Amino acid sequence: MDTLYDHMPILSRGRHRNPRKGACFMELASYLAGERWSDHPACTHPLLAGLARLVNDHTTDKGRSRLVPLVPSIIGLTGDDLRIDARLALRASTTALPIAAAERQLALAVSVLAAEEMLARLDGRPAGLEERSRWAFDQAPHAADSARRFSRAAKITDKGFRRYAAPNAVQLSVVGIAQACVPDPDAILHELLVGAIAECAAMIPRAQPRPATATPASSTSASASAPGGPTWM
């Protein structure tokens, strides 16, 4: 039996000129959203879209096929609240830190602290580590200690965090997971994207559907309602 997904472009790595050549995750999102064909559609927060593109490109062909059902859930998740960037950077870096190669762990630990500091600043509270961050630091204590020493002298602006620190944290995290010596990096990348989408959905109010126009009484209409460590949503 045919499904909606049987008639969609096939997910593959990289950018594609048109749907006949295939699609990456975000190109398929632009297609479903009715936007111009693009891997940077307006329907999704830029950093969440960046995470989706990276997961698409760094997972295997088999793992990529599991991403297709997630595409509709990313449409409409956009906003300019810097907390979104901080939450995405924090989720990515805390996922990657415990399993990434040692040479990547210091940068990932610094990314955790930068995201935590940004969230504390935006919330008007003292900086501190959330449970997820404490757990990740416990798995990489040497990197955590070095990051704390490094971060004492490092301050970042809101603009610098959005333009550089958060995207770099996401990219480093996805590559670190994909290249980690773990049994199933695809599953971790999939879980990371699922969790990121869920976290954004909880933070971003979606646009409400436009009310249906009245129809004559004689007509009928139908409506449709619409690998390791703890897991946080």
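The values are calculated or read from the model by the stated rules, or taken from the named source; none is laboratory data. Not measured: the values here are computed from a predicted model. Cβ placement follows ideal geometry from the backbone for every residue including glycine, while neighbour counts extend to all protein chains displayed. For accessibility, only protein heavy atoms count, side chains too; no ligands or nucleic acids. Shrake-Rupley method; radii C 1.70, N 1.55, O 1.52, S 1.80 Å.
Computed values, structure above
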item: Residue in segment 65-79 that is modelled with pLDDT of 90 or more, part of a helix (DSSP H, G or I) and buried (at least 20 other Cβ atoms within 10 Å of the Cβ) present; result: yes
item: Segment 117-135: number of residues that are touching a Gly at 6+ places or on another chain (Cβ under 8 Å) and closer than 21 Å to Ile177 by Cα; result: 1
item: Residue in segment 204-225 that is open to solvent by 50 Å² or more (accessible area, probe 1.4 Å) and either modelled with pLDDT of 85 or more or touching an Asp or Glu at 6+ places or on another chain (Cβ under 8 Å) (or both) present; result: no
item: Selection count where residues are closer than 23 Å to Cys181 by Cα and open to solvent by less than 10 Å² (accessible area, probe 1.4 Å), scope segment 81-99; result: 7
item: Boolean, Val170 is under 16 Å from Ser93 (Cα atoms), at pLDDT 95 or above and open to solvent by less than 90 Å² (accessible area, probe 1.4 Å); result: yes
item: Residue within segment 85-100 that is modelled with pLDDT of 95 or more, small (Gly, Ala, Ser) and over 26 Å from Glu27 (Cα atoms) present; result: yes
item: Residue satisfying all of: in segment 51-63; out of contact with any Lys or Arg (no Cβ under 8 Å at 6 or more places or on another chain), open to solvent by less than 30 Å² (accessible area, probe 1.4 Å) and of a type outside the set (Val, Ile, Thr); nearest to Ala165 (Cα to Cα) among these; result: Leu51
